[in-house]
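The values are calculated or read from the model by the stated rules, or taken from the named source; none is laboratory data. In this text, all values refer to a predicted model and were calculated from it rather than measured experimentally. Backbone-built Cβ (ideal geometry, glycine too); neighbour counts: all protein chains shown. These area figures cover heavy atoms from the full protein model, side chains too; ligands, DNA and RNA do not enter into them. Shrake-Rupley method; radii C 1.70, N 1.55, O 1.52, S 1.80 Å.
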Amino acid sequence: MEDRVRVVIAEDSVLLREGLTRLLTDRGHDVVAGVGDAEALLKTVAELAAEDALPDVVVADVRMPPTHTDEGVRAAVRLRRDYPGIGVLVLSQYVEEQYATELLAGSSTGVGYLLKDRVAEVREFLDAVVRVARGGTALDPEVVAQLLGRSRKQDVLAGLTPREREVLGLMAEGRTNSAVAKQLVVSDGAVEKHVSNIFMKLGLSPSDGDHRRVLAVLTYLKS
């Protein structure tokens, strides 16, 4: 299977952990481990690294034992630092801007932040797992809306038109130009023009490569 990926799941709810495992394995992916807390997640990944068997992606809850505050996202940030080749997709009950910003503040590759409700949209969730595992990004529309809404007060947005902000929001969700065009009911060429203008106004040159789509969002977060 071309898109088959190796996954570690960190979720303290046994029911949700087993449900995620079933969703992924039914699609042909390999769930190499399932753990219930952040400490076990870090230990498991370290053991896999020692065996030269790192997973492609880690799916982790933001809030985990023992305090159910930020253990999961802290572990995710640490994994992104210690194992840059691993994709990290965190799940949250609701949008927590501080955690989303912290997670996105490092490398612009292999990162995702989804609300748990998004898991019910099975195809979107599975696509997000594969995209993050392959070095892409997957941000929940609600996360994008809140982060960009907060950032509208920043000078960096002064040069963007309302349509360009809308395009940027859809880009941040991980949508392709064609998908953006379909959502906005415009031509692919129109979207390409908007994307080009966004890159230019944010000072992202062609030398930044394919990750300009993610860097465009990070520019807002860091402004």
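Computed values, structure above
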item: Members of the range 42-82 that are acidic (Asp, Glu), crowded, with 18+ Cβ neighbours inside 10 Å and either without any contact (Cβ under 8 Å) to a residue 24 or more places away in the chain or not in a helix (DSSP H, G or I) (or both); result: ASP56, ASP61, ASP70
item: Residue within the range 29-36 that is outside any helix (DSSP H, G or I), open to solvent by 70 Å² or more (accessible area, probe 1.4 Å) and not small (Gly, Ala, Ser) present; result: no
item: Scope the range 166-203; condition part of a helix (DSSP H, G or I) and either polar (S, T, N, Q) or in contact with a strand residue (DSSP E or B) (Cβ under 6 Å, 6 or more places away or on another chain) (or both); matching residues; result: ALA172, ASN177, SER178, GLN183, SER196, ASN197
item: Verdict on LEU170 being surrounded by 13 or more Cβ atoms within 10 Å (Cβ to Cβ), at pLDDT below 70, within 24 Å of ASP127 (Cβ to Cβ) and not hydroxyl-bearing (Ser, Thr, Tyr); result: no
item: Those residues of the range 1-40 which are farther than 16 Å from ALA76 by Cβ, among the acidic types (Asp, Glu) and touching a helix residue (DSSP H, G or I) at 6+ places or on another chain (Cβ under 9 Å), in sequence order; result: ASP3, ASP30
item: Residues being open to solvent by 10 Å² or more (accessible area, probe 1.4 Å) and over 17 Å from ARG118 (Cβ atoms) - total across the range 5-14; result: 3
item: The range 85-114 - residue that is among the hydrophobic types (A, V, I, L, M, F, W, C) and open to solvent by 20 Å² or more (accessible area, probe 1.4 Å) and, of those, nearest to ALA53 (Cα to Cα); result: ALA105
item: Hits in the range 77-113 (condition: under 23 Å from MET171 (Cα atoms), at pLDDT 90 or above and among the hydrophobic types (A, V, I, L, M, F, W, C)); result: ILE86, VAL88, LEU89, VAL90, LEU91
item: Residue that is modelled with the lowest pLDDT [pool: residues in the range 131-144 that are in a helix (DSSP H, G or I) and crowded, with 21+ Cβ neighbours inside 10 Å]; result: VAL144
